[in-house]
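Structure record follows, encoded as structure tokens.
The values are calculated or read from the model by the stated rules, or taken from the named source; none is laboratory data. Worth saying up front: this structure is predicted, and the values here are computed from it rather than measured. Glycine gets a Cβ as well: all are built from the backbone with ideal geometry, and neighbour counts include every protein chain shown. Surface accessibility is based on the protein's heavy atoms, side chains included, excluding ligands, DNA and RNA. Shrake-Rupley method; radii C 1.70, N 1.55, O 1.52, S 1.80 Å.
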Amino acid sequence: MSGQSSYNPTNPVEKWFDERLPILRFSKEHLMDFPTPKNINYWWTFGAILMFVLVIQIVTGVVLAMHYVADASMAFDSVEHIRRNVNYGRIIQAVHANGASMFFFAVYLHIFRGLYYGSYKAPREILWILGVVIFVLMMAISFMGYVLPWGQMSFWAATVITDIFGAIPIVGEPILVLLRGGFAVDNATLTRFFSLHYLLPFVLLAVVMLHIWALHVPGNNNPTGVEVKSSRDTVPFHPYITMKDLFAIVVFMIPFAWFVFFAPDILGHPDNYIQANSQITPAHIVPEWYFLPFYAILRAIDFDMLFISSKLGGVIFFGGSIVILFFVPWLDGSKVRSGTFRPLFKPFYWLFVLNFLMLTYLGAQGAEGIFLLLSKVGTAYYFAYFLLILPIVSRIETPNPLPASISESVLGNKGE
Amino acid sequence: MNKSSITLKGLVLGAVMALSGGLSTAPASAAVVGVEPELQSWTFAGIFGKYDSNQLQRGFQVFQEVCASCHGARLMSFRNLSEEGGPLFSEDQVKALAAEYIIMDPELVEGERAATPADGWPNPFETERDARGSNSGAFPPDFSVLAKARGVSQKFPFWAFNYFTGYQEGGPDYIYNLLVNYVDAPHDVEVPEGQSWNAYLGGTLAMGPPLFEGIVDYEGDVFPETVEQYSADIAAFMMWMAEPHLASRKEMGFRTITFLLLLAGMMYLVKRKIWSNVEH
Ligand code: HEM
């Protein structure tokens with residue numbers, strides 16, 4: 001989308017520089033002139049919000065690492081030391097811990113935006129796949145980060161989650177030992193998790209760069225799903241989108257600040273204020289809220305299937321629930337992107353959203369009785385949505401007529 | 001109504017919806033089956049909450065005279081007792097207090113010395129084994145962050161409101177209710193040796209009732225020397241130990257959010273101005 005450039009350096013130094021490293025030209029084209037559909041709504045600000053949170057996490061994380069001690073006997077107290085004795089430590093620590101939650105909150109909205117507006121469809125499949133890679137990295141990073149304070153939940157979450165890998169046939173055991181650095185979760189686990197928790201965010205950052213590169217080739221999708229036809233359909237990124245994104249970021253910071261300053265522990269679990277103890281298992285081992293839907297799926301499989309044990313089955317469905325996202329661009333055959341124009345798709349989509357919220361709820365409940373039954377129903381619908389509903393609906397549905405262009409749809413709106 | 005305000009509403013709704021998904025993580029802690037907890041109105045609750053330094057001083061007195069013989073507080077230093085937002089003892093008082101305690105110091109020829117304000121609160125037992133030995137096998141947990149390691153469980157939908165009220169006092173509420181609910185066990189329950197029945201837990205624990213009416217002598221007669229009063233005071237003190245910067249954190253939060261609201265309003269106006277020449 002970067003056609004002919006509007007960057008015309010006049011000053012000889014700038015010209016000289018541009019011929020050697022055209023970074024200013026690049027920035028002008030991609031951060032200022034980049035043509036963006038003028039009808040994108042506030043759901044499109046979450047990409048910028050995610051960038052912002054990523055930077056916040058890296059900056060606060062680097063500061064925390066200056067004071068944190070990755071040693072099983074000292075980790076717990078070192079985090080308390082940060083909260084108590086480091087200047088602004090309580091705030092920095094709370095921003096980082098709650099930042100992880102805000103990050104997932106934003107990424108879920110970002111993903112569901114994509115699922116509704118069909119942003120994963122051609123020509124944006126790679127963009128979507130990179131998104132799923134980012135999501136997997138985020139899960140790994142936050143899981144390892146949660147282990148670092150070495151509280152009871154840290155320890156037992158680490159035990160339960162690494163145990164999942166142990167269920168894989170043949171390679172499971174070696175993977176388990178590799179992850180834990182031994183047979184049980186211990187100091188070796190803590191030190192390698194810290195090392196990786198520091199490394200992976202930079203890998204994530206690199207994948208985000210690719211994500212944005214893949215965005216800037218086809219350009220943004222938009223709420224109508226109709227491709228940009230002429231320059232009348234777009235506005236330059238700066239100042240239109242930059243200003244809108246900045247406004248959204250500030251609004252997003254308000255609930256973020258609410259959690260940090262007024263309820264910094266509300267999203268955590270009281271048990272994590274008890275130092276890790278391998279001799280005492282907590283009554284309920286509950287993962288962080290953002291893992292709950294997938295945790296519910298893991299636990300929904302409590303029966304053996306042929307030669308597959310229930311444990312391995314749970315792992316297959318758990319892994320499958322994420323891997324399946326990679327294939328969404330090919331499972332949904334509809335040529336119409338935006339859900340707005342797909343009458344049959346829409347109810348199934350909203351049911352999927354509700355189902356996902358239900359799974360989140362169920363992940364925090366005991367796996368028994370009605371909760372277990374509902375988890376099974378929820379798991380079935382989760383997979384049916386991707387494997388049956390999207391392929392079938394896209395074949396039998398008659399979409400509503402699409403607007404001829406973005407500009408036309410905008411004018412149509414005004415008439416209403 | 002123009003389109004951007006509609007989508008903004010959608011955004012807020014979406015946020016509330018997605019949050020209600022997160023809500024289900026309300027601490028499912030301590031499978032409490034006993035009596036319903038009585039929630040207290042703490043001075044440090046809410047967005048303007050701060051500790052009452054007189055209450056913290058009373059709480060410290062209960063801690064020092066009763067609980068400290070079994071429970072440690074390794075992350076609290078003597079000097080914290082004179083810091084802003086805390087019990088506000090004077091520096092001289094803290095110095096004198098510290099001097100009453102002995103610190104083991106293997107670097108010294110004597111092997112020990114009097115504590116200074118910079119020292120941490122000394123443990124009542126030298127090792128965990130000693131502690132268990134004197135407490136019928138149970139370990140009295142360290143108080144440093146204990147107030148944040150407990151919570152009360154609430155029924156749906158009450159816990160859901162906590163996200164909007166910022167209720168973070170589950171720990172002190174738990175401690176208060178634990179301490180005031182030492183009663184005789186029901187007839188059909190056999191309480192094992194070394195254990196005591198607690199109606200709040202709906203079970204037994206290895207700590208006998210530590211408080212009795214009049215066990216601590218408060219200065220003056222403004223505050224009753226009852227188990228309820230002691231319990232509230234020690235619970236508040238334990239919360240301060242666990243979260244010593246609560247007041248300054250909340251003050252900073254109030255300033256930050258006020259600033260963000262104003263900034264957001266201004267940004268919105270600028271954004272509207274910029275977009276005013278675009279049909280969208
Ligand atoms: C660190 C996490 C992420 C960051 C920083 C990020 C950043 C961005 C940015 C800046 C945009 C353009 C603005 C917008 O459309 O909101 C974007 C678009 C997009 N992202 Fe992400 N993203 C992240 C995670 C994800 C994930 C997990 C997925 C999906 C699984 C995803 C899928 C997409 C798609 C499909 C688009 C194109 C949307 C469209 O144009 O309609 N992203 N991303």
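Structure values in brief
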| quantity | calculated |
| --- | --- |
| Condition broken by B:Phe143, with the remaining ones in (1) surrounded by fewer than 19 Cβ atoms within 10 Å (Cβ to Cβ); (2) of a type outside the set (S, T, N, Q); (3) within 20 Å of the chain's Cα centre (by Cα) satisfied | (1) |
| Test result for A:Ile241, within 16 Å of the ligand (Cβ to nearest atom) and out of contact with any helix residue (DSSP H, G or I) (no Cβ under 6 Å at 6 or more places or on another chain) | yes |
| Subset tally (residues that are surrounded by fewer than 17 Cβ atoms within 10 Å (Cβ to Cβ) and either touching a residue at least 40 places away in the same chain (Cβ under 8 Å) or closer than 30 Å to A:Ser405 by Cβ (or both)) for the range A:15-50 | 5 |
| Helices (runs of 4 or more DSSP H) wholly inside the range A:83-192 that include at least 1 residues being over 25 Å from the mean Cα position of the chain (by Cα) and within 14 Å of chain B (Cβ to nearest Cβ) | A:89-117, A:152-166 |
| Those residues of the range B:232-280 which are open to solvent by 20 Å² or more (accessible area, probe 1.4 Å), within 8 Å of chain A (Cβ to nearest Cβ) and over 21 Å from the mean Cα position of the chain (by Cα), in sequence order | B:Thr256, B:Ile257, B:Leu261, B:Leu263, B:Met267, B:Tyr268, B:Val270, B:Ile274, B:Val278, B:Glu279, B:His280 |
| Selection from the range A:61-81 of residues that are more than 14 Å from chain B (Cβ to nearest Cβ), open to solvent by 30 Å² or more (accessible area, probe 1.4 Å) and without any contact (Cβ under 8 Å) to a residue 40 or more places away in the chain | A:Val62, A:Val63, A:Met66, A:His67, A:Val69 |
| Pair list, Cβ < 8 Å and 6+ apart or interchain, from the range B:121-139 residues that are more than 26 Å from B:Phe78 (Cβ to Cβ) to residues that are open to solvent by 80 Å² or more (accessible area, probe 1.4 Å) and part of a loop (DSSP other than H, G, I, E, B) | B:Arg132/B:Phe139; B:Ser136/B:Glu193 |
| Options A:Phe247, A:Phe256, A:Phe252, A:Phe262; residue that is more than 16 Å from the ligand (Cβ to nearest atom), open to solvent by less than 30 Å² (accessible area, probe 1.4 Å) and modelled with pLDDT of 95 or more | A:Phe262 |
| Check on A:Ile164, open to solvent by 20 Å² or more (accessible area, probe 1.4 Å), more than 16 Å from the ligand (Cβ to nearest atom) and assigned by TED's automatic domain parsing to the domain that holds A:Tyr68 | no |
| Some residue of the range B:88-111 being within 9 Å of chain A (Cβ to nearest Cβ) and either modelled with pLDDT of 95 or more or within 21 Å of the chain's Cα centre (by Cα) (or both) | no |
| Test: residue in the range A:127-144 that is in contact with a Lys or Arg (Cβ under 8 Å, 6 or more places away or on another chain), open to solvent by 10 Å² or more (accessible area, probe 1.4 Å), touching a residue at least 40 places away in the same chain (Cβ under 8 Å) and not basic (Lys, Arg) | no |
| Hey, A:Phe317 open to solvent by 50 Å² or more (accessible area, probe 1.4 Å), in contact (Cβ under 8 Å) with a residue 12 or more places away in the chain and aromatic (Phe, Trp, Tyr) or not | yes |
| Residue in the range A:276-295 that is nearest to the chain's Cα centre (by Cα), counting only those that are open to solvent by 40 Å² or more (accessible area, probe 1.4 Å) and within 9 Å of chain B (Cβ to nearest Cβ) | A:His284 |
| Failed criterion for A:Gly61 (all others in (1) within 16 Å of the ligand (Cβ to nearest atom); (2) farther than 21 Å from A:Phe155 by Cα hold) | (2) |
| A:Ile49 within 16 Å of the ligand (Cβ to nearest atom) and among the aliphatic types (A, V, I, L, M) | yes |
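Here's the yes/no breakdown for (1) in contact with an Asp or Glu (Cβ under 9 Å, 6 or more places away or on another chain); (2) outside the structural domain of A:Arg113 (by TED's automatic domain parsing); (3) at pLDDT 95 or above:
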| residue | (1), (2), (3) |
| --- | --- |
| A:Gln4 | no, no, no |
| A:Arg20 | no, yes, yes |
| A:Leu31 | no, no, no |
| A:Thr36 | no, no, yes |
| A:Ile40 | no, no, yes |
| A:Trp43 | no, no, yes |
| A:Phe46 | no, no, yes |
| A:Ile49 | yes, no, yes |
| A:Leu54 | no, no, yes |
